[in-house]
């Protein structure tokens, strides 16, 4: 098992990150229990109301409860973050590991493809893809995955290149282990820890990516609640209703901080050299 | 160094061709008719046919590709559908504003990060260090599409110090540069701190102190000079990130740069303009990375002499 003995929840950074992540997940899952309001229901006469006892985070221009929209928006953010990171990880790991292990023309082609994709700023590529594919939740995930797998592939390739020369791989070969067995039992489990750390940061990155696309109007479309879209909407009312911008941004920052803390702590625990 | 430069330039050729190919492939790979994307599904058949001919879409794919490559490599980015002006000229008009914003953001980042990182390293585990590290953590986690509106809210609306948006004098530049530069400042602060901590442990620093040099000379002349090589490399690498971040920052502050032009091209479904913007931004990105590599090569004798650095 790759999990080191040094894993212990006393690590304050991981714990803090974990607490933020768990609170966010619980808030997203228990949204219907935590708020009595429908995130889609308009109360036009109460539009742009400031925070109050009945609406702790206030109401948007259509009178929708901001807390309810943020809780339901957390579902979108976490879903996009986790699914994008997982799919990108799987694709990147398989392609990168295959290139590193097989070498030759496949490796050469992959290196060039990675160079080409890295020549585009990630947000630009995602934006163009969203503009061409059309805005929808699935397209957001697809665009972010198409941009995101490259980093994992590069990391997986570098890891495999380093691991395949180790003596335990030579030993496995010498006792007649098949290539499939070497890859599945020896290489993949050993390249997984750094990739998991990268995926933890990737979740935060994907959440910001989704919010950024929605902020620009190319992500999740109204009336579906999305933190980025809420921020963009609130920007028009900065003067009279600053709470519309403040809370969704705070939520994005907190969840990204949570995943960054968790990733930092995880890296420290999984890498004994640090 | 010459060999290294030549190798990097040769490797650039497939990357440039690959970028152009990918930009070309956006059109045929994306589901639906590109004419629908540009004109909408309700366009008149005559307009559709005219546009199809103008973009050579009535020719086989390989011919379209060769025409596109030839034009792009000659610097011909076509004509904007809506503005009916050459794309190259439209982009050239916007580049100075983006360069101005990007360089200002980099300057802001360095001005914040270097003192913060050095002080943080000198006073390790003190409240200064903790404050700088808190800034570094928050700066990285805070998306610029939130920071921008927050800065507008505080400095423009409440204090009235800076204009809300637009392009003009120095006052217009402050908030966009802060918005764009904060994340870079956060990353640089961490890097400066760790780089200075490494250098401060070196023997030559002890020697410099033993010689009786003043602390200011030891820190800025001996420690910082050696510690700033990785910082400079990171500044170069982050410039590409600033270019990407400028897309959102320019939109928030109505800054007339290439990032905002890209968003305008997408909103107005102006495909030639979008292609031109993507190619320009990507090529600039490649150029920045190349210059960073070369600058790194100049500072590392193993690369300068054409040897592979030892891992």
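Once the Cα atoms are used to define both axes, helix B:258-267 deviates from the longest principal axis of chain B by about 40 degrees.
What order do you get for B:127, A:149 when you list them from fewest to most C-beta neighbours inside 10 Å? Let's see the in-between values first.
Numbers: B:127 8, A:149 25.
Going from sparsest to densest Cβ surroundings: B:127, A:149.
Taking a ≥ b ≥ c as the square roots of the eigenvalues of the Cα gyration tensor, segment A:80-270 is prolate, since a/c reaches 1.5 or more and a/b is larger than b/c.
Given the DSSP H assignment, sum -39500 (n - 2.57) over each helix run of at least 4 residues in chain B and divide by its residue total; what's the result at 222 nm in deg cm²/dmol, nearest 500? Present the calculation step by step, with values, prior to reporting the outcome.
Working: 13 runs with 226 residues, N = 311.
Only helices count here, giving -24500 deg cm²/dmol.
Give me a single rounded figure for A:255-262: the average over its residues of other chain Cβ atoms within 10 Å of their Cβ. Provide the component values of the computation, followed by the final result.
On the way: counts 1, 6, 5, 1, 1, 3, 2, 0.
Mean inter-chain Cβ contacts per residue within 10 Å come to 2.
Go through A:126-137, B:172-183 and give me the packing order, highest mean Cβ count within 10 Å leading. List each step's numbers first, then the result.
On the way: A:126-137: 20.5, B:172-183: 24.4.
Top to bottom by mean Cβ count within 10 Å: B:172-183, A:126-137.
Paramagnetic label reach from residue A:136 (point 7 Å along Cα→Cβ; backbone nitrogen cut-off under 13 Å): within segment B:6-31, residues B:31. Rounded, prolate or oblate: which fits chain B, taking a ≥ b ≥ c as square roots of the Cα gyration tensor eigenvalues, rounded meaning a/c under 1.5, else prolate when a/b beats b/c? It is oblate, given that a/c is not under 1.5 and a/b is not larger than b/c.
Relative to the dominant Cα principal axis of chain B, helix B:127-141 is inclined by about 10°. Taking a point 7 Å from the Cα of residue B:21 along the Cα-to-Cβ direction, the residues of segment B:30-71 with backbone N closer than 14 Å to it are B:62, B:65-66, B:69.
If I fit a long axis through the Cα atoms of helix A:243-270 and take the longest principal axis of the Cα atoms of chain A, what angle between them do I get, 0 to 90°, rounded to 10? Rounded to the nearest ten degrees, it is 20.
Taking a ≥ b ≥ c as the square roots of the Cα gyration tensor eigenvalues, with a/c under 1.5 meaning rounded and otherwise prolate when a/b beats b/c, else oblate, which class fits the protein assembly as shown?
Numbers: a/c = 1.30, a/b = 1.11, b/c = 1.17.
Rounded is the answer for the protein assembly as shown, as its axis ratio a/c remains below 1.5.
Counting, for every residue in A:122-133, the Cβ atoms of other protein chains within 10 Å of its Cβ and taking the mean gives 6.
For peptide B:270-280, what's the mean number of Cβ atoms from other chains within 10 Å of each residue's Cβ?
Across the residues of B:270-280, the mean count of other-chain Cβ atoms within 10 Å is 1.
Compared with the alpha-carbon gap, the fully stretched path from residue B:295 to residue B:11 is longer by 100.5 nm at 0.36 nm per residue. Stretched out straight at 0.36 nm per residue, the stretch from residue A:30 to residue A:52 would grow longer than its current Cα-Cα span by 5.7 nm. Remark: the residue A:94-residue A:44 segment gains 12.9 nm on full extension, using 0.36 nm per residue and subtracting the alpha carbon distance. The residues B:161, B:255, A:227, when put in order of fewest to most other Cβ atoms within 10 Å, stand as B:161, B:255, A:227.
Simple spin-label estimate for residue B:103 and residue B:161 gives 2.4 nm between the two label positions (7 Å along the Cα-to-Cβ direction from each Cα).
Adding -39500 (n - 2.57) for every DSSP H run of four residues or longer, then dividing by how many residues chain A holds, sets the calculated 222 nm ellipticity at -23000 deg cm²/dmol.
Distance between the 7 Å Cα→Cβ label points at residue B:254 and residue A:250: 2.9 nm.
Rule-based calculations on the coordinates, nothing more; no lab input. A quick note: this is a predicted structure, and the numbers were derived from the prediction, not measured. Neighbour counts run over all protein chains shown; Cβ positions are idealised from the backbone, glycine included.
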